[in-house]
1. Mind checking the dipole of the stretch A:195-330: about its Cα centre, +1 per Lys or Arg Cβ, -1 per Asp or Glu Cβ, Debye to the nearest 20?
2. For chain A, with only Lys/Arg (+1) and Asp/Glu (-1) charged at the beta-carbon, what is the dipole magnitude about the Cα centre, in debye rounded to 20?
3. Can you show me the helix-derived [θ] at 222 nm for chain A, built from DSSP H runs with n ≥ 4 at -39,500 (n - 2.57) apiece and divided by the number of residues, rounded to the nearest 500.
4. Pick from A:P341, A:P156, A:P143: which residue has the top mean-square fluctuation in a GNM of chain A where Cα pairs under 10 Å get a spring?
5. For the protein assembly as shown, treating each Cα as an identical point scatterer without solvent, what Debye log10 I(q)/I(0) comes out at q = 0.09, 0.13 1/Å?
6. Please report, in whole Å³, the volume per residue of the convex hull around the C-alpha atoms of the stretch B:48-125.
7. Given +1 on the Cβ of Lys and Arg, -1 on the Cβ of Asp and Glu, and no further charges, what dipole in debye does chain B carry about its Cα centre, rounded to the nearest 20?
8. How crowded by other chains is A:198-206, given as the mean number of beta carbons from other chains within 10 Å of each beta carbon?
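The values are calculated or read from the model by the stated rules, or taken from the named source; none is laboratory data. Small disclaimer: the values here were computed from a predicted structure and weren't measured. Positions of Cβ are generated from backbone atoms using ideal geometry, with glycine treated the same way; all protein chains shown enter the neighbour counts. Just the protein is used for accessible areas: all its heavy atoms, side chains included, with ligands, DNA and RNA removed. Shrake-Rupley method; radii C 1.70, N 1.55, O 1.52, S 1.80 Å.
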Amino acid sequence: MNKRLILYFGLVLSFLMVNLLYFFYLRSQIEEIYIGRSNTWFSQLIETVYPRFEVEKKRFDLDFFKYKADQVVIRFNVIVSVIIGLFLLAKRSKKLDQFWQGFIARQHADILIIIFYCGVLFYCHQWWMDIDVFINRSVFYKPILLFSILHISFPPEWILQVAYVMIIFASLMIIFNIKPFPFSVLGTIAFIFFQGFYYSFEKIDHLYTTLTYVMLVMPFLVLERNRGKEYIGKWPVTLIQLCIALAYLFSGLEKLFTSGFGWASKETFRHYIYLHQAPIGLTIAESDFLSSLLPKLALLFQLSFFLILFLHRRRWIFLVPGILFHMGTVFLLNIGAIFTPWIFVYIFFVDWGILQTKFKKIYSGSIFSERHQ
Amino acid sequence: MHIKKWAIAIMTGGLVLPFILQVNIYPFFRFGMFAEAVHREIQTEQFQIYTIDRQGSRKLLQPDEVGISKSNWDYLLRNHYYRNENVVFLKKLRTLMKEPEQFTTLQMIRIIQSDSTIVYNFELK
């Protein structure tokens, strides 16, 4: 049987199953869980997957959770429909069908690997100081889901120190091309482990999100680079680009699905400005025009960024607004950092081969003109 | 070839799942921060801690005084409040204070819009 046909069948079947299960059984369970009358596998699943429920059910009414539960099914339906649509489209569109194909120069991968791990050193070097911070506030330790599943309790100081040293050492080894693949795996594990402690105090933030996604894919790029000679498979770079694009897309979709276009209203924008009290933000908030325009531009940027995957020669159209967007969150909301990893990972959208050729031309051109002076 | 397919499936699946379930599944993230339009009063809710010393003077405790970032602080306060763990929170907080013996009381305040209420007075002994 055709593999693609099995996939279609599986997707349609899961679509039907999820909808039937939800509308005929699980939806009625939401109320039972809310009032604390249910003790089924479903309520236990909610407790595990959605630990904030315990807090949020005291803040919000039942309708909030019914809406949230409906959202799960709506989002699932949308994603399944998009996947089926993409598969059907891939049959007709050459560009989509060959999305995961293609090659890049090995030298391009070399440059990316070196720059990326230099970036990891830059972003992680200060994590050493945070070990003390973790230990200081360890009384508030509440493990994230991954740590709960793995039964990771708050570790002794030396384990955090070893994890830190592993991130730095592995990055250096990869930069100097010494056993890069095992060190890239080791570095990723240490990075995920260490970073998990930042989020094990009841709050997750997104400063390192795209850096984390890239970190997860990097071992594949290193492996592919080690296998190839002059040219290597491009797919790990494409996968990294897709992860970055999806991060923006889901940020935008999350706003639309949660709040609709009302999110881009000046009232909501001003609320967030007032909450963070950044001086430039407070000045901007005085203007009706800017308070109305800026959130709409931000939403448009997030929702359209994925087009970068198909417009290879016009990437600057997305990268320049991307830089402005992140600068905006720093200056208007006091969130993030000027040298944010979100901008740093744009290196994966730069064609280093072309840049190198241009630099070589400029360099040889200057030598040439010097010789003739 | 199998590695490629698995890597693509796990990464894209990992990105999609938090969006569908609306939860963080670390190392994959949900982007729900700032996604809510503010239309409920409860969304403006904030918590504060005050210290009261032996002379009776009251001072706002800044999170950095106990080595916690502002954003983390807000979540910790709110979550403990809704879990009915105010005393637990304040007890833990005392362990992070440099000179708790200077103070007689830790006071937890809840603010919605411009209304503030005292949630709990914790006597430091």
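1. 580 debye
2. With Lys and Arg at +1 and Asp and Glu at -1, about 1480 debye.
3. Computed ellipticity for chain A at 222 nm equals -23500 deg cm²/dmol.
4. Maximum among the listed residues: A:P156.
5. These q points yield log10 I(q)/I(0) values of -0.75, -1.50.
6. 90 Å³
7. The calculated dipole for chain B is roughly 420 debye.
8. Per residue, the number of nearby Cβ atoms from other chains is 6 on average.
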